[in-house]
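Visitor: I'd like to ask some things about the structure below.
The values are calculated or read from the model by the stated rules, or taken from the named source; none is laboratory data. Just so it is clear, the structure is predicted and the values come from calculations on it, not from any experiment. Every residue, glycine as well, gets a Cβ built from its backbone with ideal geometry; the counts of neighbours run over all protein chains shown.
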Amino acid sequence: MSGLLLAACVLLARGAPAPQALGQPAPAFGIERWDRPAGEVRNSSRTGSFAPDPAVAVLGKLGSTPALADLAGLVVLVQTTAAPARDTAYALAEANRDRGTLLVWLGTEAELPELRDRLAHESMPGLVGVLELTTDSPYARGATAVIGRSGELVAVSAVPKELEKAVLEALARPAALPLERPLDASLAPALAAYWTGRYAEARKQATRTLEKAQKSGASALQEDAGHLLERLDELERTLLARVDRALSASDVEALVELDLVLARGFEGASAKRADEAIRTLLAHSLHAIRLHDCRKLQELLEDRPTYFPRSDEDGGRNLAKKLVSFLRSTSNDALSQQRARGLLERYRRRFGEP
């Protein structure tokens, strides 16, 4: 029996349940045995250093039974070998790995060598879970699940275009703190704001829901609204602490990222905290060029084609040329240059010089 047919038999044998509702925390993997090949970004003395894929550091810290919470901050695509859009999901995860994507393959024992080889072929970070005939994993189904950086279920689909849209949406979201459990459906507007980084709006929506629940005596809803509000308070404290650490470490790139998150997510002093830290850093150091490079690369990648650098279509070749010009314009070797260099190296392996 072929691996693919066996995987299909596993799904049919147990009637795999659908994952829980979209916009809620994603369910646990439900996989007891894992095989964990973690690809590494290649390095080269000829081209200089590369920024490592975000997933590489995460995978290096995992135990023998990874939990979804261990992958916080990554956009995770989970699928079996029987998923119709499995090749699309693979391509999306590989193309966007520098942005923090991770592919989780679920396959039978017989399929493990094939899955390992596919990840190793492109030194691609990934996880492989072993499906048993008795598996109760909610992901053992003929579709691909997209899980956001905060552990939220963004989409479950077998349609390539729907997967593309969901992955791009998930990549655009910042990483918040995972929630401990699914929350009452009345909190859907607050949750939508939370997952998409509109934290002040999420707080307003959750507070309104809490006040209504208190008036009606709905204790379970009160508890859920309170949980979300506690997470929002903790998240705000966490982000502001990161600003302080980044300023202390003169981490320009982290401050630029935090500035985007805080300015969009909060109001008042918190919204301005990272921008003020950047101004303080520039006033007392020589980081202006590094800041310029960081924002320049951010601008170049703003309209990045979905499958770049895996594809040179849809403006991919033009972007590669701009990255070459960007690297030639500076002698710095900070994170921005390392990331651009890594993208170009991956492009050149497939297409040569742009």
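Visitor: Among the residues of segment 253-262, is any at positive phi and at pLDDT 95 or above?
Guide: no
Visitor: Quickly run through segment 154-178 and pick out the residues that are touching a Pro at 6+ places or on another chain (Cβ under 7 Å) and under 16 Å from V76 (Cβ atoms).
Guide: V156, P178
Visitor: From the list S336, S325, which one is under 20 Å from the mean Cα position of the chain (by Cα), in a helix (DSSP H, G or I) and among the polar types (S, T, N, Q)?
Guide: After applying the criteria, what remains is S336.
Visitor: A further question on this structure: Do the conditions hold for A206, that is, is it more than 18 Å from L71 (Cα to Cα) and at pLDDT 95 or above? Can you show your working first?
Guide: On the way: more than 18 Å from L71 (Cα to Cα): yes; at pLDDT 95 or above: yes.
Yes: the conditions hold for A206.
Visitor: Can you run down the residue pairs with Cβ atoms below 6 Å, 6 or more apart or on separate chains, where the first is in segment 226-251 and free of Cβ contacts under 8 Å to residues at least 12 places away in the same chain and the partner is among the charged types (D, E, K, R)?
Guide: none
Visitor: Filter segment 262-286 down to residues that are surrounded by fewer than 16 Cβ atoms within 10 Å (Cβ to Cβ) and closer than 23 Å to R203 by Cβ, then give me how many there are.
Guide: Adding up the residues that qualify gives 7.
Visitor: From the set of residues in segment 96-116 that are farther than 15 Å from R86 by Cβ and of a type in the set (D, E), which is nearest to the chain's Cα centre (by Cα)?
Guide: It comes out as D98.
Visitor: Let me ask another. Can you say whether A320 is within 18 Å of A175 (Cα to Cα) and either among the hydroxyl-bearing types (S, T, Y) or in contact (Cβ under 8 Å) with a residue 24 or more places away in the chain (or both), as far as the supplied structure shows?
Guide: Here the answer is no, as A320 does not meet what is asked.
One line per residue, one yes/no per condition, for (1) β-branched (V, I, T); (2) assigned to a helix (DSSP H, G or I); (3) within 27 Å of R328 (Cα to Cα); (4) in the same structural domain as K321 (by TED's automatic domain parsing):
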residue: A190; (1), (2), (3), (4): no, yes, no, no
residue: Q222; (1), (2), (3), (4): no, yes, no, no
residue: G226; (1), (2), (3), (4): no, yes, no, no
residue: L247; (1), (2), (3), (4): no, yes, no, no
residue: A263; (1), (2), (3), (4): no, yes, no, no
residue: T280; (1), (2), (3), (4): yes, yes, no, no
residue: E302; (1), (2), (3), (4): no, no, yes, yes
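Visitor: Name the strands (runs of 3 or more DSSP E) wholly inside segment 126-165 in which the number of residues that are of a type in the set (S, T, N, Q) is 1 or more.
Guide: By residue number, 144-147, 153-157.
Visitor: Then there's this: Tally the residues that are closer than 13 Å to G30 by Cα, out of contact with any helix residue (DSSP H, G or I) (no Cβ under 7 Å at 6 or more places or on another chain) and buried (at least 23 other Cβ atoms within 10 Å of the Cβ), restricting the search to segment 121-155.
Guide: The total comes to 3.
Visitor: So L168 passes all but one of these: (1) of a type outside the set (D, E, K, R); (2) crowded, with 17+ Cβ neighbours inside 10 Å; (3) under 16 Å from the mean Cα position of the chain (by Cα). Which condition number does it fail?
Guide: It is condition (2) that L168 fails.
Visitor: For segment 89-110, state whether one or more residues are surrounded by fewer than 21 Cβ atoms within 10 Å (Cβ to Cβ), of a type in the set (D, E) and farther than 22 Å from P305 by Cβ.
Guide: Checking segment 89-110: at least one residue is surrounded by fewer than 21 Cβ atoms within 10 Å (Cβ to Cβ), of a type in the set (D, E) and farther than 22 Å from P305 by Cβ.
Visitor: Go through the residues of segment 282-298 one by one and say whether even a single one is in a helix (DSSP H, G or I) and closer than 18 Å to R173 by Cα. Walk me through it before giving the result.
Guide: So the first thing to find is which residues in segment 282-298 are in a helix (DSSP H, G or I), and the list is 282-283, 288-298.
From what is left, the residues that are closer than 18 Å to R173 by Cα are 298.
Within segment 282-298, one or more residues are in a helix (DSSP H, G or I) and closer than 18 Å to R173 by Cα.
Visitor: Could I ask something else about it? Under 6 Å by Cβ, and 6 or more places apart or on different chains, what pairs join a residue from segment 292-315 that is farther than 13 Å from L343 by Cβ with one that is assigned to a helix (DSSP H, G or I)?
Guide: Listed pairs, sorted by first residue: D293/S336; C294/V252; C294/E253; C294/V256; C294/S336; T306/E164.
Visitor: Here is a follow-up. I'd like the full set of residues that are in a loop (DSSP other than H, G, I, E, B) and aliphatic (A, V, I, L, M), limited to segment 83-125.
Guide: Passing the criteria: A83, A85, M124.
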